[in-house]
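To start, the structure itself, in structure tokens.
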Amino acid sequence: MFAGKRQKPDWLTTGTLLSYFEEENKEAIAMYLARDLSGISRKGLGAFFDGISGAAITMKYNQMNAELTRDKKLSDKMATFKKQLLNV
């Protein structure tokens, strides 16, 4: 799916993600959202994110999930962003 030159989704290249989450780890957030919303395999996501392993995708996802559980402000921000992203 990501063979050849990678095209990043509009929500990532337009700076929306980068400007919305100012202080947080943007790469981990992008991995979390991609795994949560895309339906792409961990291996496919790993190829997209500079060839990291599927296990690393899972690790980042679990870390972000734990962070969202601990940090209400970040959790609210993520929920709002996901709604905007999905046009809900």
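Laboratory data are not the source of any read-out in this text; all were calculated from the coordinates shown. What you see is a predicted model; the values in this text were computed from it and never measured. Positions of Cβ are backbone-derived with ideal geometry, glycine not excepted, and every protein chain shown enters the neighbour counts.
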Within the stretch 20-32, can you find the residues that are in contact with an Asp or Glu (Cβ under 9 Å, 6 or more places away or on another chain) and in a loop (DSSP other than H, G, I, E, B)?
GLU24, ASN25
Hand me the list of helices (runs of 4 or more DSSP H) wholly inside the stretch 33-86 holding 2 or more residues that are over 14 Å from the mean Cα position of the chain (by Cα) and closer than 19 Å to PHE21 by Cβ.
54-70, 72-86
Are any of the residues in the stretch 69-87 surrounded by 15 or more Cβ atoms within 10 Å (Cβ to Cβ), of a type in the set (Gly, Ala, Ser) and closer than 18 Å to LYS26 by Cβ?
no
If a residue has to be free of Cβ contacts under 8 Å to residues at least 24 places away in the same chain and loosely packed, with under 15 Cβ neighbours inside 10 Å to count, how many in the stretch 55-68 make the cut?
4
